[in-house]
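Computed from the coordinates by the stated procedures, all read-outs in this text should not be read as laboratory data. These numbers were taken from a predicted model, which means no experiment stands behind them. Cβ atoms come from the backbone with ideal geometry, glycine included; neighbour counts cover every protein chain shown.
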Amino acid sequence: MTDPMHSCDPTRAEHEKVRAFFERVAESYLDEIDDRPALDYEAAGSALKSFRIPLPEEGIGAEAALESLYRDGLAATGTSAGPRFYHWVVGGVTPAALGADWLTTLWDNPAFAWQGSPLAVELELLSLDWMKELFGLAPEMSGVMVTGASMANFVGMAAARQWWGQEQGVDISEDGWAGLPPMPVLTSGYVHASAVKVLSLLGVGRKQIRRHTRDAVGRVDLASMEEALKGLDGRPAVMMAVAGEVNAGDFDPVEEMADLAEKYGAWLHVDGAFGLFAAVSDRTAHLVRGVERADSVTVDGHKWLNVPYDSGYAFVKDREILARAFAYTARYLADPTDPRPVLGGLGPESSRRARALAVWATLRAYGRGGYRRMFEKHLDLAKRMAELVDEAPDLERLADPLLSVVCFRYNPGGLGEDVLNDLNTRLGEAVLEDGRFSVGVTEYGGRMALRPTLVNWRTEAADVEAFVEVVRGLANRLTPEGDLEGAT
Ligand SMILES: Cc1ncc(COP(=O)(O)O)c(C=O)c1O
């Protein structure tokens with residue numbers, strides 16, 4: 001790659017140009033991020049066309065490639081790190097996390113084990129300890145960093161499956177589970193789609209998930225769950241509680257489910273991808289009471305912690321079970337007699353990004369107090385949005401925002417449910433097409449609704465107020481029969 005005949009091969013001299021390029025674009029992007037549209041789909045469509053060329057035989061060099069990427073690519077990016085992106089549950093990036101993520105790439109250390117990066121291993125263990133404190137988890141829990149809450153659910157459920165096998169005298173990681181009965185997984189209607197996928201990947205099967213619900217929204221029916229546990233006659237089961245569901249931010253009763261798990265000897269997993277942040281404020285800590293009794297816990301970083309994608313954390317109480325489920329050895333990888341931790345043996349990945357650097361930096365920079373203040377700001381912003389919805393005669397709130405998901409719909413009155421569902425589905429599309437904000441549509445107890453979720457540290461009251469105004473403006477141009485009135 002250093003053949004002087006090929007001027008576009010990587011050279012050390014390119015670094016200077018890349019650094020200057022980066023300084024310039026980072027500055028201009030960060031200057032405008034608060035005012036950028038969430039996503040301009042039309043501009044994105046045209047921008048992407050310029051990328052569709054065949055694989056070049058010879059390149060254009062780093063500087064030209066980066067110029068092209070920024071110049072042609074920016075229009076096709078979502079401003080998901082900005083203050084107006086309320087789709088899914090999308091956090092931003094704190095300045096400290098952004099800087100640390102740049103260092104992560106600069107150093108490019110594999111966080112597999114000490115031999116690749118003592119710093120990455122140490123900071124992962126330390127940051128996980130700090131997060132146990134932040135979220136009120138049991139101090140004896142072991143943790144591992146993964147790509148997000150889906151993989152954290154994978155880790156939790158793989159550990160649960162290992163435990164479930166061992167309870168029946170089978171080491172599933174060694175012997176497989178042929179001959180064992182189906183593994184019962186008891187949960188509520190709040191179970192997240194990623195957990196369902198994970199259970200299918202682990203061979204448990206989507207159909208083994210038993211949703212004990214008492215209403216159309218999916219709230220848990222504890223009595224029916226207890227009946228099911230009783231019916232197992234002492235056979236082991238796995239329970240899953242959701243702390244912060246995606247439609248309205250509601251919680252399963254973690255404490256009561258922990259009581260049931262204890263009474264019937266079940267494994268309790270808590271999926272608190274974003275809802276676990278309730279623990280950081282006295283205003284909401286009651287919502288996650290009992291989480292310290294869980295056997296495994298999921299939490300996300302790229303949501304409320306506001307670290308860059310991709311970053312999630314799995315905690316498992318029994319380290320032995322976790323280590324068995326993810327046991328991974330080869331002599332070339334690590335010396336088995338070396339007592340230093342091999343993080344690649346506690347989770348699904350071998351080569352792993354040093355995600356801990358951004359986590360450590362943001363917790364070091366802002367501390368528990370900074371996170372509490374950011375979280376409480378989001379609670380207040382959600383309240384403000386709920387007030388604006390309540391004041392608007394053509395909007396209807398469908399749930400109290402316990403955290404910062406505000407579930408509401410357009411309802412000008414006098415229309416049937418089918419018409420309203422269709423209108424609200426189209427309203428969601430209209431908001432996305434408009435591009436100033438991003439928001440998702442969901443089905444809440446059979447009713448189609450918008451579910452803006454506020455977890456970005458940059459979001460302020462003015463953004464929330466503008467959002468409600470944009471939604472009402474677009475909603476009032478929708479007709480029951482057709483598209484936007486006056487749309488071109
Ligand atoms: C409760 C819950 N669990 C799991 C996930 C999946 O998270 P990720 O996209 O980080 O894998 C989400 C995402 O919104 C979630 O809200």
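The simple Förster model, with R0 at 22 Å and r as the Cβ-Cβ distance, assigns residue 20 and residue 57 a FRET efficiency of 0.20. About its Cα centre, the dipole of segment 132-212 is roughly 540 debye, where the only charges are +1 on Lys and Arg Cβ and -1 on Asp and Glu Cβ. Rounded, prolate or oblate for segment 311-426? Axes are the square roots of the Cα gyration tensor eigenvalues, ordered a ≥ b ≥ c, and the cut-off for rounded is a/c under 1.5. Cα axes put segment 311-426 in the prolate bin.
Given +1 at the Cβ of Lys and Arg, -1 at the Cβ of Asp and Glu and no other charges, the dipole of segment 367-475 around its Cα centre is 620 debye to the nearest 20. The label-point distance for residue 259 and residue 351, in a model that sets each label 7 Å from Cα toward Cβ, rounds to 5.1 nm. Excluding same-chain neighbours fewer than eight residues apart, the lysines reachable from residue 303 by a Cα-Cα span under 26 Å are 132, 197, 317, 377, 383.
Projected onto the charge dipole of the chain (+1 at Lys/Arg Cβ, -1 at Asp/Glu Cβ, origin at the Cα centre), which of 268, 153, 428 gives the Cα projection farthest towards the positive end? Toward the positive end, the furthest listed residue is 268. For trypsin sites (Lys or Arg not before Pro), the sites in segment 175-251 that DSSP calls loop and that have at most 16 other Cβ atoms within 10 Å are 214. Note on residue 31 and residue 461: with the Förster distance fixed at 30 Å, the Cβ-Cβ geometry gives a FRET efficiency of about 0.90. Full extension of the chain between residue 365 and residue 436 gives 22.5 nm of extra length, using 0.36 nm per residue less the Cα-Cα distance. Whole-Hz Karplus values for segment 440-450 come out as x, 10, 9, 9, 10, x, x, 10, 6, 8, 8 Hz, taken residue by residue from phi with 6.51 cos²θ - 1.76 cosθ + 1.60 and θ = phi - 60°; glycine and proline positions read x. For the chain, the normalised intensity computed at q = 0.10 Å⁻¹ comes to -0.86 (log10 of I(q)/I(0), Debye sum over alpha carbons, equal scatterers, no solvent). Full extension of the segment from residue 67 to residue 223, taken as 0.36 nm per residue of separation minus the current Cα-Cα distance, would add 50.1 nm. Whole-Hz Karplus values for segment 10-25 come out as x, 9, 5, 5, 5, 4, 4, 5, 5, 5, 5, 4, 5, 4, 5, 6 Hz, taken residue by residue from phi with 6.51 cos²θ - 1.76 cosθ + 1.60 and θ = phi - 60°; glycine and proline positions read x. Per residue, the chain reaches -13500 deg cm²/dmol at 222 nm when only DSSP H runs of four or more residues are counted, each adding -39500 (n - 2.57).
Could you compute the FRET efficiency for residue 108 and residue 206, with r as their C-beta to C-beta distance and R0 at 41 Å, rounded to 0.05? Calculated transfer efficiency: 0.60.
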